[in-house]
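J.: Sharing a structure with you now.
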Amino acid sequence: MRFFTALSLFISGAAIASALPSSSETVEANCVKPYLCCGELKTPLDSTLDPILLDLGIDAASIVGSVGLLCLIPSKALTCLNGYAIIDLNSIHRHNPSPENLSIYPYKAKSDAPYSIAENTLRAAIHIPRSFSHKRDKKIPVLLVPGTAVPAAITFYFNFGKLRRALPESELVWIDLPQASLDDIQLSAEYVAYALNYVSALTSSKIAVISWSQGALDIQWALKYWPSTRSVVNDFIAISPDFHGTIVKWLVCPLLNDLACTPSIWQQGWDANFIQALRSQGGDSAYVTTTTIYSSFDKIVRPMSGENASARLLDYRGVGVSNNHLQTICANNAAGGLYTHEGVLYNPLAWALTVDALLHDGPSNITRIDTQKICEQVLPPYLELTDMLGTEALLLVALAKILTYSPKVSGEPDIAKYAY
């Protein structure tokens, strides 16, 4: 099973590399034998990607097979992937202005948990594009929060980073979390809590927040232990979230010893102390208007179907929750197909639900969406094939980040004192 996972991660990235502009020059990948070179034409990810690509008129069998057999990656693709790591968009040292006329540090409300990180450090992690409008002007500020092992600019570049194509009034900012969110989630949540209040103060308005994967845990923890953030969030849209943790957390630590992993991955097990603390005392219920979107074919977070789906949130507080399972809404249709953990980021129904939530009060409402039309689509009309392939390459970036993270730890961090 570990072999299957590592191979799936590699092949997905290699398939993406093969679909980029071709080059006659190839370089041999630094494979970690025997995990990354399967030596067969058939790869575990074929059943996921091939049907999607076939609908787009592309026969990917030869692409994936040849890469799986030879373990070769086009040099241009490597250059592209390596470039991700050094682009300024992923810097966590920015000089953002102090919010005027509003104190949000060391706390905004006395009920907020204490910060353990300096304010300048928290503020420097927020990326605000030069085009960002600080005026309300009917704009919708949207904070993007990444998942485990992939920096924000890389996570969203090929998908929701292009949200303005579908919703021109949206204004995107994002937060780059240290060590690509592989550190203690409780620390990542401090960055998120500060960012929520900061962006709201900067725009003098409520904001929306879109997360992928672990990003939802960062946000939910922030909303729980920094109550002041609840009044500034208008919409929380969680893509492939794991509010219940996952029963297969070891799948995202391929090639590692059973006793060595990263802090945030340890914390995402279904039985982790972090998950239990988060879900206790009402943390299994939404604090703000929330839309969740998830797929049965998620290989990282399980289960992802039925009443026990990890993505589902309750609504004890009556704030409005919409839990959206792709295969239920678009059963036997393209948009309800084999979309994986990262695939939901480019799913057409996920995009339609997101736009619907941002344009209306309350969470997304499927009755406002033309599902007959949307469910027939493979990609939203705002994205292209290269966006889908670029999003699938996130797994290769995540694998590299996880393998190089240091120091590995033998268990999850202690729960912060403020949570007791």
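The values are calculated or read from the model by the stated rules, or taken from the named source; none is laboratory data. Not measured: the values here are computed from a predicted model. Counting neighbours? That spans all protein chains shown, and the Cβs are built from the backbone with ideal geometry, glycine included. Surface areas here come from the heavy atoms of the whole protein model, side chains and all, with no ligands, DNA or RNA. Shrake-Rupley method; radii C 1.70, N 1.55, O 1.52, S 1.80 Å.
J.: If a residue must be under 14 Å from ASP218 (Cβ atoms) and acidic (Asp, Glu), how many such residues does segment 231-249 contain?
T.: Going through segment 231-249 one residue at a time, the tally reaches 1.
J.: So which residues in segment 266-310 are within 13 Å of ILE247 (Cα to Cα), among the hydrophobic types (A, V, I, L, M, F, W, C) and part of a loop (DSSP other than H, G, I, E, B)?
T.: TRP270, ALA272, ILE300, VAL301, MET304, ALA309
J.: Something else: Identify the residue in segment 80-124 that is open to solvent by 70 Å² or more (accessible area, probe 1.4 Å) and not in a loop (DSSP other than H, G, I, E, B) and, among all such residues, is modelled with the highest pLDDT.
T.: Residue satisfying both the conditions and the ranking: ASN120.
J.: Conditions: (1) in a loop (DSSP other than H, G, I, E, B); (2) surrounded by 19 or more Cβ atoms within 10 Å (Cβ to Cβ). LEU345 meets all but one. Number of the miss?
T.: Answer for LEU345: the failing condition is (1).
J.: With respect to the numbered conditions (1) over 18 Å from ALA393 (Cβ atoms); (2) charged (D, E, K, R); (3) surrounded by fewer than 21 Cβ atoms within 10 Å (Cβ to Cβ), which one is the sole condition not fulfilled by LYS162?
T.: In the conditions (1) over 18 Å from ALA393 (Cβ atoms); (2) charged (D, E, K, R); (3) surrounded by fewer than 21 Cβ atoms within 10 Å (Cβ to Cβ), LYS162 misses (1) alone.
J.: Let me ask something additional. For THR328, all conditions in the list (1) touching a strand residue (DSSP E or B) at 6+ places or on another chain (Cβ under 9 Å); (2) outside any strand (DSSP E or B); (3) closer than 26 Å to SER285 by Cβ hold save one; what is the number of the exception?
T.: With respect to (1) touching a strand residue (DSSP E or B) at 6+ places or on another chain (Cβ under 9 Å); (2) outside any strand (DSSP E or B); (3) closer than 26 Å to SER285 by Cβ, THR328 is out only on (1).
J.: Based on what the data block shows, is ALA335 among the small types (Gly, Ala, Ser), outside any helix (DSSP H, G or I), in contact (Cβ under 8 Å) with a residue 12 or more places away in the chain and open to solvent by less than 10 Å² (accessible area, probe 1.4 Å)?
T.: It is false that ALA335 is among the small types (Gly, Ala, Ser), outside any helix (DSSP H, G or I), in contact (Cβ under 8 Å) with a residue 12 or more places away in the chain and open to solvent by less than 10 Å² (accessible area, probe 1.4 Å).
J.: Separate question: Of all residues in segment 395-420, which are modelled with pLDDT of 90 or more and assigned to a helix (DSSP H, G or I)?
T.: LYS417, TYR418, ALA419
J.: Determine which member of the set ALA201, ALA216 is surrounded by fewer than 21 Cβ atoms within 10 Å (Cβ to Cβ) and in a helix (DSSP H, G or I).
T.: ALA201
J.: So if I check each of LEU353, LEU358, LEU338, which one is out of contact with any Cys (no Cβ under 7 Å at 6 or more places or on another chain) and more than 24 Å from VAL209 (Cα to Cα)?
T.: LEU338
J.: A follow-up question, please. So which residues in segment 248-272 are within 22 Å of HIS325 (Cα to Cα) and modelled with pLDDT of 90 or more?
T.: Listed by number, the residues that qualify are GLN268, GLY269, TRP270.
J.: Restricting to segment 351-390, give me the number of residues that are in contact (Cβ under 8 Å) with a residue 40 or more places away in the chain, of a type in the set (Gly, Ala, Ser) and either under 24 Å from LYS138 (Cα atoms) or assigned to a loop (DSSP other than H, G, I, E, B) (or both).
T.: 3
J.: I'd like to know if segment 125-132 contains one or more residues that are surrounded by fewer than 17 Cβ atoms within 10 Å (Cβ to Cβ), farther than 23 Å from THR391 by Cβ and aromatic (Phe, Trp, Tyr).
T.: Within segment 125-132 (the criterion being surrounded by fewer than 17 Cβ atoms within 10 Å (Cβ to Cβ), farther than 23 Å from THR391 by Cβ and aromatic (Phe, Trp, Tyr)), the answer is yes, since at least one residue qualifies.
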